[in-house]
């Protein structure tokens, strides 16, 4: 994959992020530079408190940098209004979380459908999009009428992935997506991400798990708010290459 500017979907330039509590200022990010190419599957690793989640929130347009610039498709989004940023986020980015964040009182169908309702998409088309997303996430149509609590952890995470996919976003961001799963369920989720990436989806995963990170195409190591290193994964250490006991 070429590294030309036209292939960069998102770019962070000298991004700093500070949090203030009273008179105390803590810098969570310190001059991060990061380019994400279309179709990449990247992993971000680092110890607790290193800035991983803050970085993911900046990439996901959930938070603004204190200093620095964020570009999407070459356009500086740093100065956009909150409403404009929300519209761009809903169009471009899908989120998958460790805790699934599914609404327990809603059916699987209703959970996946949620992002489509504010967009004003008609019900018939919404159903087609929900079914397509669930299939892409490795789910089963028979799950649609069930409540999330009737599914296993791995199945719930696939529903969460389907919800992230339903708006056809260009980037999927996942924050510790296998953190609450057994190894067999984690493998299924990683297989789903790998398949999506093979189809051209851009994937960014924050993880503590080296066996998950080694399934990506590129690993960034962050510590004390600074990207310290970028390395190629060891595919022999990928979870998909391991025997599940």
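The values are calculated or read from the model by the stated rules, or taken from the named source; none is laboratory data. All values reported here derive from a predicted model rather than from experimental measurement. Neighbour counts are summed over all protein chains in view; Cβ atoms, including those assigned to glycine, are modelled from backbone coordinates with ideal geometry.
Here are some notes:
- Some residue of segment 87-109 being free of Cβ contacts under 8 Å to residues at least 12 places away in the same chain, closer than 30 Å to residue 143 by Cα and under 19 Å from the mean Cα position of the chain (by Cα): yes
- Scanning segment 48-62 for residues that are in contact with a strand residue (DSSP E or B) (Cβ under 7 Å, 6 or more places away or on another chain) and more than 19 Å from residue 201 (Cα to Cα) turns up 50, 51, 52, 53, 54, 55, 58.
Here's the yes/no breakdown for (1) more than 30 Å from residue 122 (Cβ to Cβ); (2) at pLDDT below 95; (3) touching a strand residue (DSSP E or B) at 6+ places or on another chain (Cβ under 8 Å):
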{"position": "137", "(1), (2), (3)": "no, yes, no"}
{"position": "167", "(1), (2), (3)": "no, yes, yes"}
{"position": "170", "(1), (2), (3)": "no, yes, yes"}
{"position": "186", "(1), (2), (3)": "yes, yes, no"}
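- Of all residues in segment 17-41, those satisfying the criterion of being over 16 Å from residue 72 (Cβ atoms), touching a residue at least 60 places away in the same chain (Cβ under 8 Å) and out of contact with any helix residue (DSSP H, G or I) (no Cβ under 8 Å at 6 or more places or on another chain) are 27, 30, 31.
- Any hit, segment 76-97, residues being closer than 20 Å to residue 201 by Cβ and part of a loop (DSSP other than H, G, I, E, B): no
- Condition check for residue 70: touching a residue at least 24 places away in the same chain (Cβ under 8 Å) and closer than 21 Å to residue 225 by Cβ: yes
- Taking the conditions (1) surrounded by 15 or more Cβ atoms within 10 Å (Cβ to Cβ); (2) closer than 26 Å to residue 156 by Cα; (3) at pLDDT 90 or above; (4) touching a helix residue (DSSP H, G or I) at 6+ places or on another chain (Cβ under 9 Å) in turn, residue 104 satisfies each one other than (1).
- Among the criteria (1) modelled with pLDDT under 95; (2) not in a helix (DSSP H, G or I), the one residue 114 does not fulfil is (2).
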